[in-house]
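Down below is the structure, laid out as structure tokens.
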Amino acid sequence: MDPRVPIPYAHGMKTDMERALSAGEHTQSTWPGDDIHHIHPYLGSGRMGASFDPWGLMGNGWEAPHARQGLTALMHSGHFHRGRLGIQSRIPLGRLVFADGEPAPPTEWSQRFTPGRCLLTTRASGDGFAYEMRARFHAGRPDLLLLEIDGRLPDLLFAPCTGMKGSYDEQLTGSWETRRAGADSWRGSVRLGTAQSAVVLRVLGGGSALEPEGRGVRWSPRGGGPHFLALGVAPMARGEALEAELATLPDPATLADEAQGAWKRRFGDAFVELGDARLQSLWARSLASVLYSYAPDTTCPAPPCGWSGNLWGYTFPQDLSYIHPALLRLGHLDIAKSWVEFFSGFRGEMERFTRRIWNRPGAFWAWEFPVEHGQDLLDPDRPGEPNWYQYEIHNASTVVRMAVEKARHLGDPAFTRDVALPMALSTARFYASGLERNADGAWDLFMEPSMGQDEMGAPNQRNYLCGLFAAEYALGAALALLREAGLGDPDAPRWAAILRDGLAYARLMHPELGVCGNDESVAGDPLGRQKHPVQVNPLFVLPFEAPHPHALHAYRAHRLDLCRDSRRGHYHGWTLWAYLASAAHAGDAAGLGEMSANLQRYHAVDADYLQAFETSCDPSSFGDLDAYRRRPWVHYVTSHGLFMQAVQDALICDYGGRVVKHGAVPPSWGTCRYAGLRTMDGAVHSGEARGAAQESTGRVAP
């Protein structure tokens, strides 16, 4: 069978993709109360989103202590604050809550999450209320939240967010105002810090009314419904256009059908179907979380927790580089391309930023990337402010990887020449400026200010291991793209000489263990000191044509010893998820099977596999549970992206250039089916897999 033609599996009335996604559907029927383990479902359009409380609203922590973990608030791509040192962050815009406080707990309750339709259905009945609420976002109308209600419920309130503690100890204040108000529509604005957005509400249904009051805009859905609310958000300049869009919406039933069709197109037809039901449910929810968080907009992509409102409000290129390959494998080339084009548009600013902070040529791509142009990032007179992570020296290479792999998948010489190549050349110049040949004939990397990828390491050290990998990758990528374009560069001969001589890995090597330390300051045994497994970066961060032997050895012999606490089943940061992707790329079916079978034991997922944590997350290990409720590690889309990489690349992989089929499929996964998985050579793969037999199907340019 032609591998480019999807296999037409027949599963009743559902398409293959619908069947794969239906594994992620989940119904809860026990009222969670203040259960700290409860996960608030997350929905989004790619451009905006929110986590929802058990009532189907966003009241967790509103005017009261958090009952459960996680923020429930509405976020939008265009609502961001310009903080100190030029660092910008996305911040909550507002909430939908009960206007007069939550009722007594319901006597009957259920909540169903349908990922393939981006739909949350909440049913609740109790003293004075009985309703079904359907909340959804619309992939084709990404500035809208849609709410349908049948039955009776108390008044609701759109409560703008006008005060919060921002990042880096900033206290943000704001206000909201009405621009236009009517019984069935309201247009206003919300300001918090420097963020300001237009908001439009429109309601339909007998007896429904909107009325501004002190804390926000009250919605009174009288009678038994049906009732309908559309909430739109946009930058201030698009306020009138947003209002016009909401004024001409079709009826709710038509709009629901339209939204379902838009999500069917957005999810596409590339899928995997694992024999392990728990892992299949996590894959379906992972894909949904990614698509809820990222739209094909050439704007700054979402923070690591998407639009769920949790943890970081910054955009990290490194985190995006962990998700980007999973999108490419499934054919979401428009989203992947939009990220690269966004970064490409900042190349000149990144070069000026690099000259101002390091006084070096080329581009260091910012750690916490700006949302808009024109920011003076960081302060050259205050290195280490606001933290040393801003100077993680490997970071620039992750942007180059996204550009190179997007160019490979696109196969467009013009994109390679005009977008990917200039990004790679500029990054190579930055790294090359910090390389000097040492007495051993290898090349040392040192520049100040700097920090390694391991966040438990020290700043301003020589030969960060992550930096050596990054420099080698960036120089190699620049030279490869020059060859493809048939172009030259004055610096190319020096770069080629550096790669021939090799970089100073030997200076970091522990001879007995065969493992490199994080940098030259690490004396003695390097094991058990780190947060992140930098030694295995060539297996999940930067693909080389042939993985470094010491990286493979570090993974195979010391996976449980590289980082702190791994032996006791605790993984800091995204370490466990990085190991899953590394297992797929190293052809380690046994390791992938063991780790994926123990995700819950490692506290990497919740009890129902609804989402992936950033780090091993056992609430009972936290001394301050209130702090945990406010800032948990839930809905970490970065972890979802690494998990998708692991699953998809275990089946079809071209990491480093060589296409491998079924290279790391654990027997515990059972029979696995897949269709539409793309590789950089232009092929589209479909089939079945079981076990771990390898089959090489070709080569791709490195």
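Please work out which option in [x] 25.2, 83; [y] 28.5, 89; [z] 39.5, 128 gives Rg and Dmax of the Cα atoms in Å calculated from these coordinates, and answer with its label. Read-out taken from this structure: [x]. Along region 382-389 the Karplus relation, 6.51 cos²θ - 1.76 cosθ + 1.60 evaluated at θ = phi - 60°, assigns HN-Hα couplings of 9, x, x, 9, x, 7, 6, 4 Hz to successive residues, with x for each Gly and Pro. The C-alpha atoms of the chain define a longest principal axis, and helix 395-410 lies at about 80 degrees to it. For R356, the shell of other residues with beta-carbons less than 13 Å away shows a net charge of -1, using +1 for Lys and Arg and -1 for Asp and Glu.
Amide H contacts for H26 (H built 1.01 Å from N in the peptide plane; partners 5 or more residues away or on another chain; cut-off under 5 Å): F113. Taking Cα atoms only, the orientation of helix 333-344 departs from the longest principal axis of the chain by about 70 degrees. Ellipticity at 222 nm from helices only: DSSP H runs of n ≥ 4 in the chain, each -39500 (n - 2.57), divided by the residue count, give -9000 deg cm²/dmol.
FRET efficiency for the pair A458 and R179, taken as 1/(1 + (r/R0)^6) with r the Cβ-Cβ distance and R0 = 45 Å, rounds to 0.30. Full extension of the chain between R417 and D525 gives 34.4 nm of extra length, using 0.36 nm per residue less the Cα-Cα distance.
The distance from the alpha carbon centre of region 334-379 to that of region 384-432 is 10 Å, rounded to a whole number. Given their separation in residues at 0.36 nm each and the Cα-Cα distance between them, D381 and R84 gain 105.5 nm when the chain is fully extended.
Entry note, the chain: relative contact order of 14 percent, from Cα contacts under 8 Å with a spacing of 6+ residues.
Couplings 3J(HN,Hα) for region 317-323, derived from phi with the Karplus relation 6.51 cos²θ - 1.76 cosθ + 1.60 (θ = phi - 60°), are x, 4, 4, 4, 5, 7, 9 Hz, where x marks Gly and Pro. Close amide H contacts of I652 (hydrogens built in the peptide plane, cut-off under 5 Å, sequence separation of 5 or more or a different chain): H662. Summing Lys and Arg as +1 and Asp and Glu as -1 over all other residues whose Cβ lies under 11 Å from the Cβ of N387 gives a net charge of -4.
The phi torsions of region 270-281, fed into the Karplus equation with coefficients 6.51, -1.76 and 1.60 and a -60° offset, translate into couplings of 7, 8, 10, 9, 8, x, 8, 5, 5, 5, 5, 5 Hz, rounded to whole numbers, with Gly and Pro shown as x. Axis angle, to the nearest 10 degrees, between helix 492-501 and the longest C-alpha principal axis of the chain: 70 degrees. Under a 5 Å amide H cut-off, with hydrogens placed 1.01 Å from N, C516 pairs with H510 among residues at least 5 apart or on other chains. A simple count of charges around W669, restricted to other residues whose Cβ falls under 13 Å of its Cβ and scoring Lys, Arg +1 and Asp, Glu -1, yields -1. Okay, which of region 373-400 sit inside 14 Å, backbone N to the point 7 Å along the Cα-Cβ direction of D169? Only 385-387 fall inside the zone, counting backbone N under 14 Å.
Readers should treat all values here as calculations from the given coordinates under stated rules, not as data from a laboratory. On a predicted model such as this, the values are computed, not experimentally measured, just so you know. Glycine also receives a Cβ, built like all others from the backbone with ideal geometry; neighbour counts cover every protein chain displayed.
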